[in-house]
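Take a look at the structure set out below.
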Amino acid sequence: MRVEEVTVDWVTQALQQRYPGVEVTRMEHGRFVAGTGSKLQLKLSYNAEGERLGLPPSMFLKGGLDWHSVAFKASYQAEAIFFEAWRPRIEANLPRGYFAAHNDDQGLVLMEDLTLRACRFTSFSGAPLTADIAEKVLKLQARIHAALWEDPALPSLRSLGERVDHKFTDILLEPAHYARCLKERRGSTIPAAFHDEKRTMAALKANWALVDTGPQTFCHGDPHIGNMFFDPDGAPGYLDFQAYVRCTALHDVNYMIVGSLEPSERRAHERDLLALYLAELRALGVPDPWDPDEAWGRYRRHTIHGLTWFTVPPEMQPIEVVEAHGLRFGEAAGDYDLAGLLGV
């Protein structure tokens, strides 16, 4: 789909899938934000039915709207399926969807324009969170996880290994590239045990086998700082549901804590943060999934996923972001004796 195809008639037909009788009477294209999923702001006026329903004066259309749409179509399709099938079942601070559809070539979503409620978007610069903000994010994660804990529909989702294997590892663990990254600042904290990309791959596979055991839930899959927003009152929310997986919940917990806190802050608070998260699950009606020792062990093993951050090419993420994550996950891997935990 091209931007010029986003017309008043197209948006009207899209909205009528969920809101019969609504017509868009006037539309103006606003900001265009390029990215893995491009986003086009639509400024809208409606007929009386649209006004009665309180549809907003602007939305964003997200999907494959520029040259790289074919390469990333699976991401667009996944996000459309999220808004079609999963978002309505999660009561948490996530963008609202007004239309979602996908086919073999595309996925499109009309979603909430969060600027209308004056949300603040975190800069994906590698700047860390503090432990008190991480507490709020963990409570948000617990709401997402609890909503679909051991849900019968989960087997329809990809596992963590199915999402990551080959699609990313063939690029990130290519031997010459891996060796170059180790020599740069981003690789300076990676423990010696993971200076061999084959050993890193073995560790990833060991963790994928582990996360397929025990209670499963819906995980965001990529809950880094750049996929967060904050309401004016400081309440956090999550964006970009393109990488979600069926997994154990501690994947999201580890990825956020280790990737978002400076190592000294993490060391001082992570046990308390993990306990807070588990208490929040219980408060939301989830029975104790693990005893404290098992939860701590599983949490630490998940670090291997984030460890591969140091190999992300700068074409995919800014180098300062890659360095920040590489240094944080590298230090955590050393703190935890990650190779020993995963038996590699």
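Rule-based calculations on the coordinates, nothing more; no lab input. This one's a predicted model, so the numbers in the text were calculated from it and none came from an experiment. Here the Cβ is made from the backbone with ideal geometry for all residues, glycine too, and neighbour counts use every protein chain on show.
For ASP151, the amide hydrogen comes within under 5 Å of no other amide hydrogen, counting only partners 5 or more places away or on other chains and with H modelled in the peptide plane.
Could you calculate the FRET efficiency of LYS205 with SER156 from 1/(1 + (r/R0)^6), where r is the beta carbon distance between them and R0 is 41 Å, rounded to 0.05? The value I calculate is 0.95. For LYS205, a cut-off of 23 angstrom between C-alpha atoms picks up these lysines, skipping any fewer than 8 places away in its own chain: LYS167. Counting pairs on different chains as well as pairs 8 or more places apart, how many Lys pairs in the range 1-153 have Cα atoms under 30 Å apart? For the range 1-153, qualifying lysine pairs total 9.
Taking label points 7 Å from Cα along the Cα-to-Cβ direction, PHE168 and ARG52 give a separation of 4.7 nm.
Using θ = phi - 60° in the Karplus curve 6.51 cos²θ - 1.76 cosθ + 1.60, the 3J(HN,Hα) couplings for the range 4-11 round to 5, 7, 7, 10, 4, 5, 5, 5 Hz; x is entered for Gly and Pro. Were the residues from ARG120 through MET316 laid out at 0.36 nm apart, the gain over their Cα-Cα distance would be 68.2 nm. Ordering 228-234, 8-14 by mean Cβ neighbour count within 10 Å, with the highest value first, yields 8-14, 228-234.
Counting only cysteine Cβ atoms and a cutoff under 4.7 Å, the chain contains unmatched residues CYS119, CYS181.
Loop-resident GluC sites (Glu not before Pro) (DSSP state other than H, G, I, E or B) in the range 104-199 with no more than 15 further Cβ atoms inside 10 Å of their Cβ: GLU150, GLU184.
Applying both filters, DSSP loop and at most 10 other Cβ atoms within 10 Å, to the GluC sites (Glu not before Pro) of the range 232-319 gives GLU315.
The slack between ALA179 and ASP293, meaning 0.36 nm per residue of separation minus the straight C-alpha distance, is 37.5 nm. Here the 3J(HN,Hα) profile of the range 283-290, calculated from phi with Karplus coefficients 6.51, -1.76 and 1.60 at θ = phi - 60°, is 5, 8, x, 8, x, 3, x, 9 Hz, Gly and Pro shown as x. Quotient of the Cα radius of gyration of the range 3-115 and 2.2 N^0.38 Å, N being its number of residues: 1.02. Using only Cα atoms and rounding to the nearest 10 degrees, what angle (0 to 90) does helix 250-260 make with the longest principal axis of the chain? On a 0 to 90 degree scale, this one is about 90.
Summarising the amide proton neighbourhood of LEU129: residues at separation of 5 or more, or on other chains, whose placed amide H is nearer than 5 Å comprise LEU261, GLU262. Scoring 84-90, 320-326, 200-206 by mean Cβ neighbours within 10 Å over their residues and listing the highest first yields 320-326, 200-206, 84-90. Inter-label distance, ASP335 to GLU28: 5.0 nm, where each label sits 7 Å from its Cα along the C-beta direction.
Around the amide H of TYR46, modelled in the peptide plane, lie the amide H atoms of THR25, all under 5 Å away and 5 or more residues distant in sequence or on another chain. Packing-based ranking of 282-292, 254-264 yields 254-264, 282-292, ordered from highest to lowest mean Cβ neighbour count within 10 Å. Our note on the geometry: Cα centres of the range 74-134 and the range 1-37, 17 Å apart. Full extension of the chain segment joining ALA192 with GLN16 gains 57.6 nm, where the gain is 0.36 nm per residue of separation less the Cα-Cα distance. Between the range 263-341 and the range 203-218, the C-alpha centres lie 14 angstrom from each other. Residue-wise HN-Hα couplings along the range 221-238, as the Karplus relation 6.51 cos²θ - 1.76 cosθ + 1.60 with θ = phi - 60° gives them from phi, are x, 9, x, 7, 4, x, 9, 10, 9, 9, 5, x, 7, x, 5, x, x, 10 Hz; Gly and Pro carry x.
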